[in-house]
Amino acid sequence: MAEDLQPALAVLVRQVRASSGSGGSLSQVSVRKQLDHLGPSTASEPARAEQIRPQSVIATVNALQAAGYVTRTPHPTDGRRLPVSLTPEGRSLLGERRGSGHGRIAELIAERLSPAEQRPLAEAVPLLRRLAEH
């Protein structure tokens, strides 16, 4: 099952990404999603959530900041920390990508699956969500 599921999911993810247009690299999209979920955070928090090194997140944050999608603000009590948060532009881009991705998945389901085939797919969503949990 794993051997069949992995390539099918990979192709589906590529199709959805292609329909979502440019929004930066996969790591940039991932960090923006984490910041949206976590709120203002240090680099270690999205790194922990994505199970990657904080140094990798810092490089991604630098690129996002240069593009105007995130901002760093001094921490109110710890001057060594600079929490990162999404700018309105970063939040807007994330919303656009999310909407186009959802729309593309809905189109694919409607175009390629009959109502009878859609039911077991809907039932599998909670199971896939559990597989994706950290």
FRET efficiency, A59 to V125 (Cβ-Cβ, R0 41 Å, nearest 0.05):
0.75
Which shape class applies to the chain: rounded if a/c is under 1.5, otherwise prolate when a/b exceeds b/c and oblate if not, where a ≥ b ≥ c are the square roots of the Cα gyration tensor eigenvalues?
prolate
Among the complete DSSP H segments of the chain, which ones combine at least 24 Å of alpha-carbon extent along their axis with a mean Kyte-Doolittle hydropathy of 1.0 or more?
none
How large is the accessible surface of H37 in square angstrom, using a 1.4 angstrom probe and rounding to the nearest 10?
140
Leaving out ligands, DNA and RNA, what percent of the accessible area of the chain is carbon and sulfur, probe 1.4 Å?
57
Order of 9-18, 51-60, 118-127, 38-47 by packing, highest average Cβ count within 10 Å first?
38-47, 51-60, 9-18, 118-127
Would you please put 61-67, 78-84 in order of how densely packed they are, using the mean number of other Cβ atoms within 10 angstrom per residue and starting with the highest?
61-67, 78-84
Per residue, how many Å² of accessible area does the range 14-113 show with a 1.4 Å probe?
59
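The values are calculated or read from the model by the stated rules, or taken from the named source; none is laboratory data. Keep in mind that what you see is a predicted model, and the values were worked out from it rather than measured. Please note: Cβ atoms are built from the backbone with ideal geometry, for glycine as well, and neighbour counts cover all protein chains shown. Keep in mind that these areas ignore ligands, DNA and RNA; they rest on the heavy atoms of the full protein, side chains included. Shrake-Rupley method; radii C 1.70, N 1.55, O 1.52, S 1.80 Å.
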